[in-house]
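Just below is one structure, and these are the notes that go with it.
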Amino acid sequence: RCRGEGHNTVILNPDGGNDQDKDAICPITRFDHNDDAMYAVTDLTAAHAYRGAKSVVRGMYVDKVTETVTIQDEIEMNKPSEMYWFMHTKADISIGNDGRTAVLSQGGYRMGVSLAGDENLKFTQMQAVPLGTSPKPSDMEDDSAVNKLVIHATGIVSEKFAVRIYPLTSGEDGSVITDDCTPISAWSVESDAMISNMSL
């Protein structure tokens with residue numbers, strides 16, 4: 001739980017050592033909001049630089065009109081690298097046949113999740129347990145009730161992808177048609193750039 005892999009973040013080139021620089025300062029570089037939307041952008045490069053990252057930027061965009069949250073990561077590595085993306089949940093996870101969509105169900109509520117960007121990326125799932133290379137202390141808390149929605153890729157150098165999360169009604173199957181990601185540098189609450197790249 002004290003490692004980056006135990007949280008909702010990106011892990012690069014795991015090898016059992018510290019998966020993020022614990023002393024890193026990762027500033028919020030941009031943010032904006034209005035009545036319909038809000039976003040914030042964080043530069044995570046300092047946390048991942050010693051893992052071979054040239055640049056790691058994460059943005060979160062909340063669209064109140066479509067009730068959608070977008071979490072987008074833009075990663076530049078110095079050499080081909082391994083990447084994990086994690087989201088922890090106590091919900092049941094059902095991944096679509098295409099590997100690009102998932103439905104999270106808990107307590108009668110359902111939430112859709114879809115993946116935009118690099119078509120080679122797919123969702124998988126795992127329990128909240130350490131990676132094979134990670135320490136496994138004997139006094140770990142029991143996280144058997146926690147599932148992890150996972151994106152795993154190897155050989156990445158330049159990667160850009162977005163995960164979109166949205167509520168589902170009882171009749172919706174969770175599928176979402178998505179185009180390529182709008183670059184974080186082009187995000188704005190004053191335009192429909194984000195909405196135009198998503199069709200519910």
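The values are calculated or read from the model by the stated rules, or taken from the named source; none is laboratory data. The structure displayed is predicted, hence computed values, not measured ones. We place every Cβ from the backbone using ideal geometry, glycine too, and count neighbours over all the protein chains shown. Ligands, DNA and RNA are excluded from the accessible area calculation, which covers all protein heavy atoms including side chains. Shrake-Rupley method; radii C 1.70, N 1.55, O 1.52, S 1.80 Å.
First check a/c for the range 71-129, with a ≥ b ≥ c the square roots of the eigenvalues of its C-alpha gyration tensor; if it is under 1.5, answer rounded, and if not, answer prolate when a/b is larger than b/c or oblate otherwise.
Cα axes put the range 71-129 in the prolate bin.
About its Cα centre, how strong a charge dipole does the range 2-41 have in debye, to the nearest 20, once Lys and Arg get +1 and Asp and Glu get -1 at the Cβ?
Dipole size: approximately 120 debye.
Give a residue-ordered list of calculated ³J(HN,Hα) values for the range 70-78 (Karplus: 6.51 cos²θ - 1.76 cosθ + 1.60, θ = phi - 60°; whole Hz; x for Gly, Pro).
3J(HN,Hα) across the range 70-78, in whole Hz: 10, 10, 10, 10, 10, 10, 10, 10, 6.
Pairs of Cα atoms under 8 Å, at least six residues apart: use those to get the relative contact order of the chain, whole percent.
22
Top to bottom by accessible area (1.4 Å), largest first, where do 48, 7, 33 land?
In descending accessible area the options line up as 33, 7, 48.
Lysine pairs, Cα distance under 25 Å, 8 or more residues apart or cross-chain: how many in the chain?
For the chain, qualifying lysine pairs total 19.
For the chain, what % of the accessible area comes from carbon and sulfur atoms, probe 1.4 Å?
Of all accessible area on the chain, carbon and sulfur atoms account for 50 percent.
Can you tell me how the chain classifies by the Cα gyration tensor, rounded, prolate or oblate, using a/c under 1.5 as the rounded cut?
Oblate shape, in that a/c is at least 1.5 and b/c is the bigger or equal ratio.
So, R0 is 22 Å and r is the distance between the beta-carbons of residue 35 and residue 172; what FRET efficiency does that work out to, to 0.05?
E(calc), rounded to 0.05, equals 0.30.
Please report, in debye to the nearest 20, how large the charge dipole of the chain is about its Cα centre when each Lys and Arg carries +1 at its beta carbon and each Asp and Glu carries -1 there.
Approximately 460 debye in magnitude.
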